[in-house]
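Take a look at the structure set out below.
No lab work stands behind these numbers, since they all come straight from the coordinates. None of these values were measured; they are calculated from a predicted model. Note that each Cβ is placed from the backbone with ideal geometry, even for glycine, and that neighbours are counted across all protein chains shown.
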Amino acid sequence: MKVILQENVENLGYVGDILDVANGYARNYLLPRNKAAEANPRNVKALEHAKRVTGHKAKQVEESQKGLAEKLSGVSLTFEVQTGKDGKLFGSVTSKDIEAKLIAEGFEVDRRKIQMPHPLKELGSSKVTIKLFREIAAEISVTLVKQGGEHAAADGDATESSEPADSVDTDISEETETQE
């Protein structure tokens, strides 16, 4: 069945592509979700008209996304994360966290465009790809570092609390010796 894509469909095509797909795929997935329309003569003419109108807009969007890709390529994000004694993270850094950090730095990026095979769970530096527009992608550096301030304070609290416990133990042992 010939269909005209009305949305970008991963591993299939882009908006406006006329494709020949399996009948079941078209009827059960693409058409009910309004991701495609049947490629009849009326829809093909409407598509050609829409392509002429939106062709110029697409070029402008592509140019702006190329500029954004160049800016993003130089970006390096650093996350301070809580870790255990063995250096393993409590939780992970996901595309949602990366999106929030990019927005804080002034970049508008949808988290669905951030391509990560799995959330980041280890300290160190990683490269993350952001697919901006068709074949335009930017690669950013994401670094996970151990959170310094809280660990030092937690270690200091632990030593202070152990000292009074020792003095309490000696007082109790002295009291038991005097009672005997």
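Express in whole angstrom the spacing between the alpha-carbon centres of region 76-113 and region 14-43.
Cα centroid to Cα centroid, the span is 37 Å.
Kindly give Rg over Rh for region 1-160, based on alpha-carbon atoms, with the Kirkwood expression for the hydrodynamic radius.
1.17
Tell me the volume per residue, in Å³, of the convex hull enclosing the alpha carbons of region 39-81.
102 Å³
Report, in listed order, any pair from Lys2/Lys59; Lys88/Lys127; Lys2/Lys113 with a Cα-Cα distance greater than 25 Å.
Lys2/Lys59; Lys2/Lys113
Please sort 91-97, 120-126 by packing, taking for each peptide the average over its residues of neighbouring beta carbons within 10 angstrom, highest first.
Taking the mean over residues of other Cβ atoms within 10 Å, the ranking is 91-97, 120-126.
Could you order peptides 64-70, 40-46, 127-133 by the average number of other Cβ atoms within 10 Å of their residues, highest first?
127-133, 64-70, 40-46
Net charge within 13 Å of Ala37 by Cβ-Cβ distance, Lys/Arg positive one each and Asp/Glu negative one each, not counting Ala37 itself?
+3
Taking N as the number of residues in region 73-150, what value does Rg over Cα atoms divided by 2.2 N^0.38 Å take?
1.12
Any idea what the alpha-carbon Rg over 2.2 N^0.38 Å comes to for region 2-71?
Normalised Cα radius of gyration, region 2-71: 1.28.
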